[in-house]
Amino acid sequence: MPAYREPRRRSPALPAPRGPLSGEVIAALRTGEAPRAHAAGDADPFGDDLQLALYVLYELHYQGFEDVDEEHEWDPALLGLRRSLEQPFLAALREGTGTDGDVEAALAGLLVEPVGDDGHSVSHFLRHDGELWHLREYAALRSLYHLKEADPHAWVIPRLYGRAKAAMVAVEFDEFGAGREADIHARLYADLMGDLSLETAYGHYLDAAPADVLATVNLMSLFGLHRSLRGALVGHFAAVEVTSSPGSRRLAAALKRVGAGPAAQRFYDEHVEADAVHEQVVRRDVIGGLLADEPHLEPDIAFGIEATGLLEDRLATRLLAAWRSNSTALRGPLD
Amino acid sequence: MPNSPERSGRPARVTLGGDGPLLVEGPVEVVGDDGTLYTSRRFTAAICTCRKTRTHPWCDTSHRRRVKPEPHPDDATDRTDGTDRTDGTDRTDGAA
């Protein structure tokens with residue numbers, strides 16, 4: 001196996017703008033001048049322009065961009081613009097979920113398994129019909145999150161205490177390799193990408209990712225960076241952990257079928273087993289602990305679960321529509 | 001810290017989880033019927049109790065109740081290619 005090359009050793013180049021908002025943000029970062037835009041206007045809250053602008057602003061808190069001053073992370077004008085983009089995004093999420101605030105009910109739908117494929121699931125499609133190019137596209141798109149896997153959820157740790165904190169940290173410890181660098185889940189993902197002959201450099205596929213992908217990652221950053229949304233962050237984390245095991249098994253089977261290498265399979269095999277544990281711990285102790293400490297957060301936890309489902313459904317619709325018409329789900333060709 | 005040697009001296013905790021797996025503080029070794037030794041170094045291991053798991057002896061969420069999905073225009077449930085289509089749902093397809 002070739003020597004491991006750390007995807008985050010360098011920061012990516014700024015992406016290409018997708019409209020006036022993302023254009024303003026990218027220009028401001030490039031020139032160091034304050035952005036002129038102060039409001040989202042009538043931009044589509046789930047559209048390319050707003051989602052890319054938000055993504056770039058959030059990315060300042062993770063890996064930043066090449067030749068962009070790191071101090072921009074706390075630039076008041078950029079933070080003000082970010083807030084004006086977050087508000088319509090959050091409003092659209094609330095409008096799209098209409099939750100009744102019941103965590104048990106929100107989780108119940110995720111804790112049953114359909115007999116068969118309902119035609120809406122990406123992992124079912126890949127399991128049964130996925131070809132190598134589908135899996136490469138999928139892995140490239142998901143790399144926006146998985147190369148920083150579990151990082152957005154670490155923001156919530158200082159906002160928790162007691163049982164919820166102990167359990168959240170234990171799960172995150174597992175995500176970060178349980179003390180072993182080679183087992184960090186983000187690194188397992190980079191190995192998977194290598195097996196699929198994808199570029200593993202952090203942020204490489206940002207320009208290729210449609211708004212529906214950016215929104216799934218922006219959701220985590222939004223929930224993670226706001227203490228007021230700590231309940232939603234925990235709900236998001238639970239939704240992902242609860243649904244990950246069966247989905248991961250289908251993806252492992254798909255990768256095996258198309259002849260991907262051992263690292264590609266290992267990533268998903270690890271998640272079948274790890275997330276069966278994480279699901280139990282997150283439901284019992286992270287959600288259970290948080291509800292015991294702060295029962296008023298229940299509607300927020302339910303909102304986080306439902307918002308995750310909303311954006312994952314939008315993404316699945318986009319991917320499946322493209323693939324079923326035998327065309328790319330990316331904004332441009334892979335390589 | 002999970003997996004800390006400081007646990008030695010105090011009993012490992014096992015949590016009974018309704019119709020789900022047994023949760024056992026790790027690291028843990030499980031001996032199978034045939035003497036096979038399985039090791040988990042995770043902070044907690046989830047041991048299958050429903051005997052449906054395909055990652056024996058660890059839980060893989062196969063205990064979950066199965067439901068018929070809503071019909072869908074593009075649905076492929078009537079296909080008879082012999083592949084296993086009862087392998088679970090997800091609203092999210094990502095791994096955690």
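The values are calculated or read from the model by the stated rules, or taken from the named source; none is laboratory data. If you're wondering where the values come from, they're calculated on a predicted model, not measured in any experiment. A quick note on method: Cβ atoms are made from the backbone with ideal geometry, for glycine too, and the neighbour counts reach across all protein chains shown. Surface accessibility is based on the protein's heavy atoms, side chains included, excluding ligands, DNA and RNA. Shrake-Rupley method; radii C 1.70, N 1.55, O 1.52, S 1.80 Å.
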For the stretch A:135-227, which fully contained helices (runs of 4 or more DSSP H) count at least 3 residues that are among the hydrophobic types (A, V, I, L, M, F, W, C) and away from chain B (no Cβ under 13 Å)? A:211-225
Quick test for you: out of A:Asp269, A:Asp285, A:Asp300, pick the one residue that is more than 7 Å from every other protein chain (Cβ to nearest Cβ), open to solvent by 40 Å² or more (accessible area, probe 1.4 Å) and under 20 Å from the mean Cα position of the chain (by Cα). A:Asp269
For the stretch A:55-104, which residues satisfy the criterion of being open to solvent by 20 Å² or more (accessible area, probe 1.4 Å), under 16 Å from A:Pro45 (Cβ atoms) and charged (D, E, K, R)? A:Arg82, A:Arg83, A:Arg94, A:Glu95
So which strands (runs of 3 or more DSSP E) are wholly in the stretch B:34-90 and hold at least 2 residues that are modelled with pLDDT under 90 and within 9 Å of chain A (Cβ to nearest Cβ)? B:65-67
Can you find even one residue in the stretch A:239-255 that is more than 7 Å from chain B (Cβ to nearest Cβ), part of a helix (DSSP H, G or I), at pLDDT below 95 and open to solvent by 20 Å² or more (accessible area, probe 1.4 Å)? yes
Pairs under 8 Å by beta carbon, first residue outside the structural domain of A:Ala211 (by TED's automatic domain parsing) and on the phi > 0 side of the Ramachandran plot in the stretch A:25-49, partner part of a loop (DSSP other than H, G, I, E, B) and surrounded by fewer than 19 Cβ atoms within 10 Å (Cβ to Cβ), six or more apart or different chains? A:Gly32/A:Asp69
Quick check, is A:Leu330 part of a helix (DSSP H, G or I), over 20 Å from A:Ser248 (Cβ atoms) and away from chain B (no Cβ under 14 Å)? no
